[in-house]
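Single-structure report; data block below.
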Amino acid sequence: MQDIINTAKSLMDDNKGLLAMDESNPTCKKRFAALGIPQNEETRRAYREMIVNTPGLNESISGAILFDETIRQQKKDGTPIVKAIIDAGIIPGIKVDKGAKDMAGHPGEKITEGLDGLRDRLKEYYQMGARFAKWRAVIAIGNGIPSRGCIEANAHALARYAALCQEVGLVPVVEPEVLMEGDHTLEQCFEVTEEVLRMVFNQLYAQCVTLEGMILKPNMVLPGLDCPNQESVDDIADMTVECLLHAVPAAIPGIAFLSGGQSSELASARLNAMNVRFKSRLPWALAFSFARAIQQPALEIWNGKEANVLAAHKALYHRARCNRAARRGEYDASMEIT
Ligand code: 13P
């Protein structure tokens, strides 16, 4: 267990954070299609190679979460992508859930699948070099939802996954995502997020998960995308930290937020505000595990073309650096003017 605890600590060390580059093929397809990038195995490989070749990425990124296809791929020169990540001083991680599927008896709600055969898959990923894993549950807010049944089932699956990870030596990144879609208020998101987190930690306790050897990856507490009232950065920072203080045990080493569809700049600004206002008083690190909020500008610049790789590196390096600054409470909008 000490190795797992040390890995969890290293992932949160030095004001760094995680880069989620674990989009499933359907999600990657969606992101590429929106930009007119051809959608096939080779373009996905080339895109991921572009990311891992970014010079200096490890100045801000401690760990990178891969998708199953990527952990088995090589760079053009034959180097396995997972080796390139390790050589760059970044800890490789792996997404291990099999996606959120419609939940029987619960219209509008999802349950994440992937527990069957998970122990053997985790052992294989460990042998391939992964030292942490991720499982994402999604909770929607809407008319009469989320239901207790949905919250309970997803929290239970997260806890079963986390226990299996620790058994094989992987740090579980536990991701219960309350979605931004909808017109719910900030207060509604607060209530649902608190309820979900309390249930998740109850289940983690029941499944004997060592809290010191895991990372929580939650949503920030935000008003729905269609809510007419969009609170200030500082209000969101206050509500998010208050919610986490209610529900997250002090024993976990860190909280690494997902970005969930916020713009890159807002995600950095909100994380920054939390650290400016609360960092010295919190028991856990407040970090990031963003996919879109780190990758999107670089993806748009890259656009599937070799000629754009250097410019894409610059954009990726910049976003990673902004988020490391946000961990220190030193991010400023002036960093965005290049
Ligand atoms: P976003 O930061 O784009 O929400 O993705 C984080 C993630 O890993 C979702 O599982």
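The values are calculated or read from the model by the stated rules, or taken from the named source; none is laboratory data. Note that the coordinates shown come from a computational prediction; the quantities given were computed from them, not determined experimentally. Note that each Cβ is placed from the backbone with ideal geometry, even for glycine, and that neighbours are counted across all protein chains shown. Surface accessibility is based on the protein's heavy atoms, side chains included, excluding ligands, DNA and RNA. Shrake-Rupley method; radii C 1.70, N 1.55, O 1.52, S 1.80 Å.
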Here the relative contact order (percent) of the range 142-198, from C-alpha pairs under 8 Å and at least 6 apart, is 35 percent
By the C-alpha gyration tensor axes a ≥ b ≥ c (rounded if a/c is under 1.5, else prolate when a/b exceeds b/c, else oblate), the shape of the chain is rounded
Listed by chain and number, the residues whose amide H is under 5 Å from that of Gly254, excluding neighbours fewer than 5 places away on the same chain and using placed H, are Leu216, Ala285
Over the chain, the sum of -39500 (n - 2.57) across DSSP H runs of at least four, divided by residue number and rounded to 500 deg cm²/dmol, gives at 222 nm -15000 deg cm²/dmol
antiparallel share of DSSP beta bridges within the chain, to nearest 5, in %, is 15 percent
Note to self: with every protein chain in place and a 1.4 Å probe, the range 46-201 gives an accessible area per residue in Å² of 39 Å²
Check: C-alpha center the range 270-334 vs C-alpha center the range 16-80, spacing in Å is 17 Å
Per the C-alpha gyration tensor (a ≥ b ≥ c, the square roots of its eigenvalues), the range 25-130 is rounded if a/c is under 1.5, else prolate if a/b beats b/c, else oblate; here it's oblate
Expressed as a percent, the accessible surface of the chain that is carbon or sulfur, using a 1.4 Å probe and the full set of protein chains, is 50 percent
Scalar couplings 3J(HN,Hα) for the range 308-320 by Karplus 6.51 cos²θ - 1.76 cosθ + 1.60 (θ = phi - 60°), nearest whole Hz, x for Gly and Pro, are 9, 4, 5, 5, 5, 4, 4, 5, 5, 4, 4, 5, 5
Reduced to Cα centres, the span from the range 138-160 to the range 165-179 in Å works out to 16 Å
Counting only residues 5 or more apart in sequence or on a different chain, those whose built amide H sits under 5 Å from that of Ile94 are Leu66, Phe132, Ala133, Lys134
Sorted on mean Cβ neighbours within 10 Å (highest first), peptides 160-173, 115-128, 189-202 come out as 160-173, 189-202, 115-128
Ranked output for segments 4-14, 44-54 by mean other Cβ atoms within 10 Å, highest leading, reads 44-54, 4-14
For Met220, the residues 5 or more places away or on another chain with a placed amide H closer than 5 Å to its own amide H are Leu258
Once phi for every residue in the range 91-96 is put through the Karplus expression 6.51 cos²θ - 1.76 cosθ + 1.60 (θ = phi - 60°), the whole-Hz ³J(HN,Hα) values, with Gly and Pro written as x, are 7, x, x, 9, 7, 10
Karplus ³J(HN,Hα) for the range 258-271 (6.51 cos²θ - 1.76 cosθ + 1.60, θ = phi - 60°; Hz, whole; x = Gly/Pro) runs 7, 9, x, x, 5, 5, 4, 5, 5, 4, 5, 5, 5, 4
